[in-house]
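Input: a single structure, listed below in structure tokens.
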Amino acid sequence: MNLEPKDLNARDIYRIFVSVVSPKPIAWVSTVDLVGRNNLAPFSMYTMLSTVPAVLGFGVSAYHDGGKKDTIKNVEATNEFVINLVTEELSVAMNITSSSFPPEVSEFEKAGLTPVRSAMVAPPRVGQSPISLECRVLEILRFGSEPTVNSFIVGEVLLVHLDDKYCPGGVIDSERLKIVGRLGAQPPDLYCRTTDTFIMKRPES
Ligand SMILES: Cc1cc2nc3c(=O)[nH]c(=O)nc-3n(C[C@H](O)[C@H](O)[C@H](O)COP(=O)(O)O)c2cc1C
């Protein structure tokens with residue numbers, strides 16, 4: 001079967017992308033609006049882009065009716081965000097925060113999470129998450145046309161907050177972290193654990 005994206009609707013392309021670009025890490029993104037209200041939501045269009053400088057990016061789609069998600073509204077208004085790591089233990093809470101609550105409702109409260117003051121940016125980090133990355137926007141790429149513009153937010157990491165419990169000897173212990181990944185969107189959404197791992201030595205060059 002050969003498929004050309006131009007012949008497909010948005011839903012079908014989305015289903016192909018989430019299954020093919022997989023497993024995906026999840027950026028659990030906290031932001032604040034201009035009056036200081038917290039927002040938290042997961043985004044799996046997420047990747048690292050550069051190490052020096054330390055740059056990450058994540059994508060925010062428009063709602064099907066063209067509405068803007070709170071995350072992109074807040075990032076455009078404040079230029080700051082925090083990416084929190086999602087572990088197995090936090091996956092149910094992460095899922096709760098994917099509901100489209102109005103701006104006056106705090107996803108932290110809805111999911112029973114503790115907002116903890118960040119050191120370098122206004123958005124709080126998730127207290128229960130073992131790793132949080134405080135970021136400032138470098139650039140926002142935009143794809144498509146109004147009203148359904150999809151944004152890709154590129155941000156520089158200003159501070160890495162690590163819970164020492166997960167870094168014995170100063171090195172992050174991936175097995176201890178139990179990060180979850182996102183697979184397809186059947187629905188229901190499919191996730192994976194990172195506890196079934198294997199190692200491979202790189203060939204000598
Ligand atoms: C695991 C997971 C990954 C998601 N990834 C994305 C994504 O990459 N981009 C996106 O626009 N929405 C994504 N969503 C949906 C948003 O989390 C959802 O639309 C949320 O309500 C946005 O919240 P906000 O309006 O507070 O920004 C994802 C949801 C889940 C559960």
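The values are calculated or read from the model by the stated rules, or taken from the named source; none is laboratory data. Here the structure is a predicted model, which means the values were calculated and not measured. All Cβ positions, even for glycine, are placed from backbone atoms using ideal geometry, and neighbour counts span all protein chains on display. For the accessible areas, the whole protein counts, side chains as well, though only heavy atoms, and no ligand, DNA or RNA atoms are used. Shrake-Rupley method; radii C 1.70, N 1.55, O 1.52, S 1.80 Å.
Laid out as a table, the results:
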{"quantity": "Residue check, residue 135 within 23 Å of residue 51 (Cα to Cα) and either crowded, with 16+ Cβ neighbours inside 10 Å or under 16 Å from the mean Cα position of the chain (by Cα) (or both)", "calculated": "yes"}
{"quantity": "Test: residue in the range 119-133 that is touching a residue at least 60 places away in the same chain (Cβ under 8 Å) and part of a helix (DSSP H, G or I)", "calculated": "no"}
{"quantity": "Residue match in the range 183-204 (condition: within 25 Å of residue 124 (Cα to Cα) and part of a strand (DSSP E or B))", "calculated": "no"}
{"quantity": "Residues that are in a loop (DSSP other than H, G, I, E, B), away from the ligand (no atom under 12 Å from the Cβ) and surrounded by fewer than 21 Cβ atoms within 10 Å (Cβ to Cβ), drawn from the range 76-101", "calculated": "79"}
{"quantity": "Matching residues, the range 166-201, being surrounded by 10 or more Cβ atoms within 10 Å (Cβ to Cβ) and among the basic types (Lys, Arg)", "calculated": "176, 178, 182, 193"}
{"quantity": "Of the criteria (1) open to solvent by 50 Å² or more (accessible area, probe 1.4 Å); (2) touching a residue at least 24 places away in the same chain (Cβ under 8 Å); (3) not in a strand (DSSP E or B), which one residue 112 fails", "calculated": "(2)"}
{"quantity": "Residue list for the range 14-69, restricted to those being of a type in the set (Ser, Thr, Tyr), in a strand (DSSP E or B) and more than 11 Å from the ligand (Cβ to nearest atom)", "calculated": "50"}
{"quantity": "All positions within the range 143-163 that are crowded, with 16+ Cβ neighbours inside 10 Å and among the small types (Gly, Ala, Ser)", "calculated": "151, 155"}
